[in-house]
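The values are calculated or read from the model by the stated rules, or taken from the named source; none is laboratory data. Keep in mind that what you see is a predicted model, and the values were worked out from it rather than measured. Glycine gets a Cβ as well: all are built from the backbone with ideal geometry, and neighbour counts include every protein chain shown.
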Amino acid sequence: MHWFLLILAGLFEVAFAFCLGKARTSAGHEMWWWYGGFAASLLLSMSLLIRATQVLPIGTAYAVWTGIGAAGTALLGIIVFKEPAGFLRLFFLVMLIISIVGLKAVSPHQ
């Protein structure tokens with residue numbers, strides 16, 4: 001259950017980065033809606049991270065949370081915001097994802 005909350009927290013981290021990206025390209029009232037989405041996603045992400053770290057080791061949980069956020073945001077940037085997807089960038093994204101899975105695999109099962 002706590003791993004699920006941690007993964008969900010990481011996905012909300014991706015969501016708040018997405019909202020920031022959309023706010024950057026918006027104006028007027030639309031921009032403020034995106035900033036509202038950013039604030040809501042940030043609050044949910046932090047709340048879920050707090051819940052998950054009450055049981056999971058803080059070092060592992062934080063690394064997994066930031067890894068999901070970093071990998072997810074980079075993939076979102078490539079897919080949605082048309083950022084470059086060169087070989088080395090994709091290679092290191094895959095390495096990051098492998099590292100996240102590895103941390104989960106070697107962590108105490110809670």
Checked pairs for region 67-94, first loosely packed, with under 11 Cβ neighbours inside 10 Å, second in a loop (DSSP other than H, G, I, E, B), C-beta under 9 Å and 6 or more apart or across chains, list as ILE79/ALA85
When every residue in region 1-36 that is of a type in the set (Gly, Ala, Ser) and within 30 Å of LEU103 (Cα to Cα) is compared, the one surrounded by the fewest Cβ atoms within 10 Å (Cβ to Cβ) is GLY21
When region 60-105 is checked residue by residue, the ones that are closer than 27 Å to ARG24 by Cβ and among the polar types (S, T, N, Q) are THR66, THR73
Exercise. Is one or more of the residues making up region 78-86 modelled with pLDDT under 95, outside any helix (DSSP H, G or I) and closer than 20 Å to VAL106 by Cα?
Worked result: no
